[in-house]
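To start, the structure itself, in C-alpha cells.
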Amino acid sequence: MNQKAPFYPLPPLSLYVHIPWCIRKCPYCDFNSHTGLDAEKEKAYVTALAKDLEQDLSYVQNRKLSSIFFGGGTPSLFSANTFEQLIDLASNAIGFEDRIEITLEANPGTFEHVNFSDFKSAGINRLSIGIQSFSNQNLETLGRIHQQSEAIAAANSARQQGLNVNLDIMHGLPGQSVDGAIADIDTALELSPDHISWYQLTIEKNTEFYRAPPELPNETILDAIQTNGLQRLQHAGFGQYEISAFAKPGKQSKHNLNYWQFGDYIGIGAGAHGKITCQSTQQIFRTQKTRQPDHYLNKEAALLSHTNPLSSQELPLEFMMNALRLIEGVPAILYEQRTGLPLLHLEKTLEDLTQHGLMKADKERLCVTPLGGRFLNDVLNRFD
C-alpha cells in the first residue's frame, strides 16, 4: 500500500475556529470547554486567533474558504463585534468562495445576551442551536442552563432573522421513553428548521456521566426510538444524508460535508484540529493546537501546535471513517483524489465487504448498506 498516485487538484478548504468557554460544563460533554470567560480574555483570544491563523496561512495553497464554523464551548458568549473581526480577518487573509457558509454554534441559555440581527450583520448566515431536548426534566438531567421556553424562543428568533437554522437534538437520554424522544422531534419540526442533528447520547470518558453513569434506556427502547424517529423525520421532508444529520433539500451543512468528503480544513483556537493536503510534498497531515486556553493565551507558549503526518497505511481508515458516514457514500474516484492512493489496493477488502452485504462498492461509488451502517465500526476495522 506504499505506491502513491499523483494528487488531483487540492480539495475544498474550510476554517474551524474553536471557542473554548461555556457558562458551565455539562455532565455528558467531553469537548474542550472551560468556564471563566471575561471581556479581557475575549479580547486577548481574538489577538491569539489572528496569530494562529497567520502561522497556518501556508496551508491555504491558493484556495479560498468554502465554509467557516465557530464551535465550542459556547461561541455565542462572544459578541457580534468579535465575530465580525474574525470574519473580516479570514476574508482579508484567505478570501471566500461565493456563497460561503458561516456557522455559529449557540446555546439557548445565552440568548438573552445577544441579538441575532447583530450576528447576521457580522456575517453569520447559519446558526446551530444546542437544544438537546424540549423536556425541562431532561434538560435539568443534562445540566443545561436553558428551559423549553428559551429553546423555542431562540429557534423562532433565528428563523425570523432569516438565518439557516440547525437544531441539535439528543435521544436515548436517562429515563427517556419512546414517546418522549419522538415528542422532541415533533417539537423541533414545528419550529421549521432547515437542518436537524439527531444523535444518541453516549457516555464518554472524562465526563461526569462517565464517573457516575446514569441509567439509560435499554436496547429495545433505543431501537424503537431510532425506527420511529427516522420515520418522523423522513415524513416531514428531512433527508438523512449522514448518520445523525437530516436536512431539507439543499440545506445540508457545507462545512460538515467537507469533513466527511475528506476535504481540508484549518483549525485555529485552543484544542482545534485541522487536516491539510500538501500538494508540493504529496503528503496529508493533521494538526492540533494546545488545548488549555491559558496556555494558548500565554505569549511564550502561544500557538503550541502538533503536526501528525498520515502514512499510506493510515489513509484508508482515515478516509473511510469520514466517507462511510454519508448515507449515499462518495464517488469511488474521490478515494484516489483525496488520498493519492489507488483504490485497487482495497479491491479484496471491498469485494469481501460487498459479498457480506455490508458495503456497496464498485467503480462508481463507495457506501455502506443499511446493515453496514448498523455495524459501521466492524466495517471500518477492515481498513485499519
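Things worth noting here:
- From the options Phe83, Phe96, residue that is among the aromatic types (Phe, Trp, Tyr) and over 26 Å from Gln261 (Cα atoms): Phe83
- Residue match in the range 354-364 (condition: touching a Gly at 6+ places or on another chain (Cβ under 7 Å) and either modelled with pLDDT under 95 or open to solvent by less than 50 Å² (accessible area, probe 1.4 Å) (or both)): yes
- Candidate set from the range 271-283 (those that are open to solvent by less than 40 Å² (accessible area, probe 1.4 Å) and modelled with pLDDT of 95 or more); member that is farthest from Glu328 (Cα to Cα): Ala272
- A count restricted to the range 154-167 and to residues that are under 13 Å from Ser192 (Cα atoms) and either surrounded by fewer than 21 Cβ atoms within 10 Å (Cβ to Cβ) or among the polar types (S, T, N, Q) (or both) stands at 7.
- Options Gln252, Gln234: the member that is open to solvent by 10 Å² or more (accessible area, probe 1.4 Å) and not in a loop (DSSP other than H, G, I, E, B): Gln234
- Within the range 168-179, the residues that satisfy the criterion of being open to solvent by less than 30 Å² (accessible area, probe 1.4 Å) and of a type outside the set (A, V, I, L, M, F, W, C) are Asp168, His171, Gly172, Pro174, Gln176.
- Residues in the range 255-270 that are open to solvent by 20 Å² or more (accessible area, probe 1.4 Å) and either closer than 15 Å to Leu15 by Cβ or not polar (S, T, N, Q) (or both): Asn256, Leu257, Tyr259, Trp260, Tyr265.
- Subset of the range 10-24 [open to solvent by less than 50 Å² (accessible area, probe 1.4 Å) and more than 18 Å from Thr290 (Cβ to Cβ)]: Leu10, Pro11, Leu13, Ser14, Leu15, Cys22
- Those strands (runs of 3 or more DSSP E) of the range 302-384 in which at least 2 residues are under 24 Å from the mean Cα position of the chain (by Cα), considering only elements entirely within it, cover 305-309, 365-368.
- Residue in the range 189-208 that is part of a helix (DSSP H, G or I) and surrounded by 22 or more Cβ atoms within 10 Å (Cβ to Cβ) present: no
- Residue, nearest to Ile225 (Cα to Cα), within the range 148-171, restricted to residues that are of a type outside the set (A, V, I, L, M) and in contact with a Phe, Trp or Tyr (Cβ under 9 Å, 6 or more places away or on another chain): His171
The values are calculated or read from the model by the stated rules, or taken from the named source; none is laboratory data. Owing to the predicted nature of the structure, the values given are computational and were not obtained by experimental measurement. When we count neighbours, we look across all protein chains shown, and the Cβ atoms used for this are built from the backbone with ideal geometry, even at glycine. These area figures cover heavy atoms from the full protein model, side chains too; ligands, DNA and RNA do not enter into them. Shrake-Rupley method; radii C 1.70, N 1.55, O 1.52, S 1.80 Å.
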